[in-house]
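*Asks:* One structure, as structure tokens, below. Some questions next.
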Amino acid sequence: MKSLFLRIFLSYWVAQALFMVLAIMIVTALRPSREISNLQSEEATILSDGVQAYNTGGETALWRYFRSLHEARHVHFFILDEQGRDLLGRTQPGWIRRAQLGEMRTADSFWGRLGPPQFLRSSMTTPDGHHYTLVIELPPAQTGMFGPHGLLIFIGILSSGLVCFLLARYLTAPIVRLRAATQKLAEGDLAARAGVPQSRRHDEMAELMRDFDRMAERLEKLVNAQRRLLTDISHELRSPLARLNVALELARQRSGSEAGSALDRIDRETNRLNQLIQKLLTIARLDGGDEFIQKSPLHLEHLISEIAKDAAFEAQDRHCEVEVDVVDDCVVTGNARLLQSAIENVVRNAVRYTETRTSVQVRLEQGVGAKGPEAVIRVTDSGPGVPEEALDKLFRPFYRIDDARGRQTGGVGLGLAITERAVSLHDGTIRAVNRPQGGLMVEIRLPLASQVGNEAGARIADVVSTAERG
């Protein structure tokens, strides 16, 4: 049982129900009915009169006497001799003999009132030395849901169930709200709050919800401040870089040939800095959410083919090839430039690190995920792979496995971070695994068009149109 609500509810309810049942049984057993008390006071007289009727009139007189008692008291009477024979010659139930011998407890005792059969017993010895035993079989207590005690138990269980339900709901409601807010926060909704507890609660759960809201508010402020700082710095750096490019061109025109190599180096570094700033702006915009991203149906086959052509041209320098295997043409709902940038970053990254004279495979097919049909894009290379402990860190901004290798290839650790955010904005997932035969496999899963709502928006269709490729 995984639900805390059900655990609390059933535990309290079962405990309350058992308590009520036991209480009713104990009270009933400790307080004998008026009928039992009256029969107890008269059982000696009944036995004496019955024996006398039998001695004077035989079975017929005894039968008439018992019949009159039965019509008045609605109980059955048995008078047994020393051998256990019924004076009326009836075949009595087996428990009658055990009751005569004292092997069973009578209804005037605690244990005798807890279960059937309920009976009273009395004995006498006549002057001629014969020993007789009277066994009075009491009528069974009315049972069932609508019996006297059954109705009380039913009402008690029903009322206790209602009380336990309200109590369990009161105890677990804050946990349910806290869990929902935690899930939203984990999904990136920094505005998620557990909410102020109702009824002005001041217990431990209410304090926990308030602490969570304070924590979430603090996180939202810190993350938003970081995003604003990142955006502001990126924007502020673009103007000096633009002026630097103008100054660089002027310097080329006025300087001699001996300064060419130094100016070329300055130009390369300036371009790298420009590309870094463009990627930082892309990261900041993607972190802002997808409410302004325009989406439309896209055929991934065409998109992947165009990306593979561009990547294959670059792969010629390393004598590598890019192979495309389209098993199914998948249609998704998304932003074309975002998805192109996301997939292109992965493919170009594979081209960059695969071994010389090998190939990069790009495979597109349909699959089934937790939320329904998906488009599955797998990009595999034959490179050195990635250390297992670094697989989960590949999609973090500025993360590089080897700083020296990153400087050599010109990467700054933002390409895969942009890919992860773009895929996430399309309700997709991305993961990286090492291949057993060597190399890395990056898998992107995107919901098919029928599974994705067409979300409106019109402000930044070109979020990554100027981002660096790779």
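The values are calculated or read from the model by the stated rules, or taken from the named source; none is laboratory data. These numbers come from a predicted model, not from an experiment. Reconstructed Cβ throughout: ideal geometry from the backbone, glycine too, with neighbour counts over all protein chains shown. Heavy atoms of the whole protein, side chains included, go into the accessibility calculation; ligands, DNA and RNA do not. Shrake-Rupley method; radii C 1.70, N 1.55, O 1.52, S 1.80 Å.
*Asks:* Leaving ligands, DNA and RNA out of it, report the carbon-plus-sulfur percent of the accessible area of region 199-250 at a 1.4 Å probe.
*Replies:* Looking at region 199-250 in its full context, I get 58 percent from C and S.
*Asks:* Top to bottom by accessible area (1.4 Å), largest first, where do Leu338, Leu229 land?
*Replies:* So, going from the largest accessible area down, we get Leu229, Leu338.
*Asks:* Just to confirm a number: summing +1 for Lys and Arg and -1 for Asp and Glu over residues other than Trp95 whose beta-carbon lies under 11 angstrom from that of Trp95, what do you get?
*Replies:* With Lys, Arg at +1 and Asp, Glu at -1, the net is 0.
*Asks:* How big is the charge dipole of region 53-119 about its Cα centre, in debye rounded to the nearest 20, if each Lys and Arg gets +1 on its Cβ and each Asp and Glu gets -1 on its Cβ?
*Replies:* Here region 53-119 has a charge dipole of around 180 debye.
*Asks:* Just reorder Trp95, Trp63 by solvent-accessible area, largest first, 1.4 Å probe, all chains present.
*Replies:* Order by accessible area, largest first: Trp63, Trp95.
*Asks:* If Ser257, Ser41 are ordered by their accessible area, calculated over protein heavy atoms with a 1.4 Å probe, which sequence runs from highest to lowest?
*Replies:* Descending accessible area places them as Ser257, Ser41.
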